[in-house]
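The structure appears right after this line, and notes come after that.
Nothing in this text is a laboratory measurement; each read-out follows from the coordinates by a stated rule. All of these numbers come straight from a predicted model, not from anything done at the bench. No Cβ is skipped: glycine too gets one built from the backbone with ideal geometry, and neighbour counts run over all protein chains shown.
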Number of protein chains: 2
Amino acid sequence: MTARFAHTGAMTLKLYELVGTDTAAPFSPFCWRIRMALAHKGLVAETIPWCFTDKAAIAPHGSEKVPVLLDGERAVVDSWTIANYLEDTYPDRPSLFGGEGGRAMARMLNWWGDGVIGGMFPLIIADIPLNLKPEDAAYFRKTREARFGRKLEEIMATRDSAVEGFRKSLDPLRLTLKTQAFLGGATPNYADYIVFGAFQWARVVSPFKLLSKEDPVYAWRERLLDAFDGMARKSRSYHG
Amino acid sequence: MTARFAHTGAMTLKLYELVGTDTAAPFSPFCWRIRMALAHKGLVAETIPWCFTDKAAIAPHGSEKVPVLLDGERAVVDSWTIANYLEDTYPDRPSLFGGEGGRAMARMLNWWGDGVIGGMFPLIIADIPLNLKPEDAAYFRKTREARFGRKLEEIMATRDSAVEGFRKSLDPLRLTLKTQAFLGGATPNYADYIVFGAFQWARVVSPFKLLSKEDPVYAWRERLLDAFDGMARKSRSYHG
């Protein structure tokens, strides 16, 4: 399955993306950062669906995880490294960082965004294996239950109350949106895609309502769902 | 008392800065953001010591809080606004943001840094009035105890255990420092001063050890204490 993200571009780009039972519904938060970054750069990439247990498929590229970007003969691993690669390799296309200061600060926002993913985990984690092939569901359950020391369903049992703490953790984003439309300023950039990737991950795999409709973060997410001709909004989900 | 931050500069600059019993020991985290920003720009500013109850002194400039920057006839209020004013007014001097992407992202880091100040508050709050003149100490205690609904000493009573949670909250900063010396990249910029201002505030008013010496954040703070010929390190504290 080939996804055309945007205009014509470097036709050699291929992106390994995490999927479940629906190869047209990628859901990794890290892959979504890169999907959005590619669209921002106006680059076309062929998507290569990848499942949790397909370790052998990406081992030759030196990785156990996705995203993995192939640019011709070259493999680039890890979302942050890929974003920097795209910025450096395609400097004449719209900037992902808005300058070197932005690139440096985005490194911290990337870590902050990883924390957002961590905060979402207990809210959606047991929904994820429902969307996976049996062998991937077993792998996911085994590795994540080992990491957290509890059953996925136990972790998620308190999500209706835990969501309040998660929402509170978004305050730095929420407060920023009081005076600008995006973390990147008047228009989005990689700082936005970092955090949006987490929301798109949750959106694709779980029906749980992470945000109230009155939240400025909700409106920000809507704007990013609409970006690039509604690319993220059009992406299929595994539920309802 | 006149502080010479750096080389010669716009000789008309004056900065109202919060002090306690020692007019040469400014301690506001927000004023320290601007002290560092002025030094970064190589600007000289005359400091005007200001105490909590000196509301009348800055009322004509349209503010109840410091920092207030005077640039000739013009008054600029609020640290974020002042930083942007300096960047726009002195564009030929070293950039505080490293481009427009950095400026936009720094807005979020500014909110994150305000959260760091909030996290430090329970760790140092009862030390602050010890450094204030009687009328300012009374004002500080009254307003802060009203805000938190508890005695300052009660808020601070658990600081030896609470500090662990505070240190954990610095993870996005700590992780960023794994691959770059400063939030601004190889050299510091306003993103660093935002967070450093909080540490300098704590350092000037309290002997409490916020960081372990093994923490990469400790080493980062050391580098900023050394910046601008050790400006922040040389600043007097109210203890030890």
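How large is the helix-only mean residue ellipticity at 222 nm for the protein assembly as shown, computed as the sum of -39500 (n - 2.57) over DSSP H runs with n ≥ 4, divided by its residue count, in deg cm²/dmol to the nearest 500?
For the protein assembly as shown, the value works out to -16000 deg cm²/dmol.
Which of the lysines could a cross-linker span from B:Lys151 if the Cα-Cα distance has to be under 21 Å and same-chain partners fewer than 8 positions apart are dropped?
Within reach: B:Lys133, B:Lys142.
Nm distances between the label at A:Gly115 and the same-position labels in the remaining copies, 7 Å along Cα→Cβ, shortest first?
0.5
What FRET efficiency would be calculated for the residue pair A:Asp22, B:Thr179, taking the C-beta separation as r and a Förster radius of 45 Å, to the nearest 0.05?
Between A:Asp22 and B:Thr179 the formula returns 0.80.
Can you list the aspartates and glutamates whose alpha carbon sits under 17 Å from that of A:Lys65, skipping same-chain ones fewer than 8 residues off?
Leaving aside aspartates and glutamates fewer than 8 places away in the same chain, those within reach of A:Lys65 are A:Glu17, A:Asp54, A:Asp78, A:Asp114, A:Glu135, A:Asp136.
At q = 0.08, 0.09, 0.16 Å⁻¹, what log₁₀ I(q)/I(0) does a Debye calculation on the Cα points of chain B give, no solvent, two decimals?
For the requested q values the scattering log ratios are -0.28, -0.36, -1.22.
Residues with amide H under 5 Å of B:Val44's amide H, sequence separation 5 or more or different chain, H placed in the peptide plane at 1.01 Å from N; which?
HN-HN under 5 Å from B:Val44: B:Gly9, B:Ala10.
Bin by bin, in steps of 20 Å, what percent of the Cα pairs in the protein assembly as shown do you find, going until the bin that has the longest distance?
22, 51, 24, 3
Distance between the C-alpha centers of the stretch A:167-208 and the stretch A:34-67? Whole Å please.
Spelled out, the Cα-based centre of one part sits 22 Å from the other.
Evaluate E = 1/(1 + (r/R0)^6) for A:Thr53 and B:Lys142, where r is the Cβ-Cβ distance and R0 equals 56 Å; express this FRET efficiency to the nearest 0.05.
Here the calculated transfer efficiency is 0.35.
Can you compute the modelled spin-label distance between B:Arg167 and A:His61, with each label point 7 Å from Cα toward Cβ, in nm?
The two pseudo-label positions are separated by 3.9 nm.
What is the minimum Cβ-to-axis distance for chain A, in whole Å, where the axis maps A onto B, and to which residue does it belong?
A:Gly99, 1
On a straight-distance basis, which lysines could pair with B:Lys41 in a cross-link, Cα separation under 21 angstrom, same-chain partners fewer than 8 positions away excluded?
Hits, sequence-local ones excluded: B:Lys14, B:Lys234.
For a test of the definition: using alpha carbon positions, the gyration tensor, and the 1.5 limit on a/c, classify the stretch A:100-230 as rounded, prolate or oblate.
Prolate is the answer for the stretch A:100-230, as a/c is 1.5 or above and a/b outweighs b/c.
Step through the residues of the stretch B:107-112 one at a time and calculate ³J(HN,Hα) from phi using the Karplus curve (6.51 cos²θ - 1.76 cosθ + 1.60, θ = phi - 60°), rounding each to whole Hz and writing x for Gly and Pro.
Going residue by residue, I get 4, 6, 5, 5, 5, 4 Hz, with x marking Gly and Pro.
Would you please report the Å³ per residue occupied by the convex hull of the alpha carbon atoms in the stretch A:13-89?
80 Å³
Count the net charge of all other residues whose Cβ sits under 12 Å from the Cβ of A:Arg103, scoring Lys and Arg as +1 and Asp and Glu as -1.
Charge balance near A:Arg103 sits at -2.
Can you list the copy-to-copy distances for B:Ala219, using a point 7 angstrom from Cα toward Cβ, in nanometres, shortest first?
List, nearest first: 4.4 nm.
Using a 7 Å offset from Cα along the direction of the beta-carbon, what are the separations from A:Ala59 to the same position in each other copy, nm, ascending?
Result for A:Ala59, in nm, nearest copy first: 7.7.
Which whole-number percent is the relative contact order of chain A (Cα, under 8 Å, 6+ apart)?
24 percent
Using θ = phi - 60° and the Karplus relation 6.51 cos²θ - 1.76 cosθ + 1.60, list the HN-Hα couplings for the stretch B:35-45 in order, rounded to whole Hz, with x at every Gly or Pro.
3, 5, 5, 4, 4, 4, 7, x, 9, 9, 9
Taking the Cβ of B:Arg233 as the center, what net charge do the other residues with Cβ under 11 Å away carry, scoring Lys and Arg +1 and Asp and Glu -1?
Residues near B:Arg233 contribute +2 overall.
For chain B, set up a Gaussian network in which alpha carbons nearer than 10 Å are linked by springs, and say which option among B:Trp201, B:Trp80, B:Trp111 fluctuates the most.
B:Trp111
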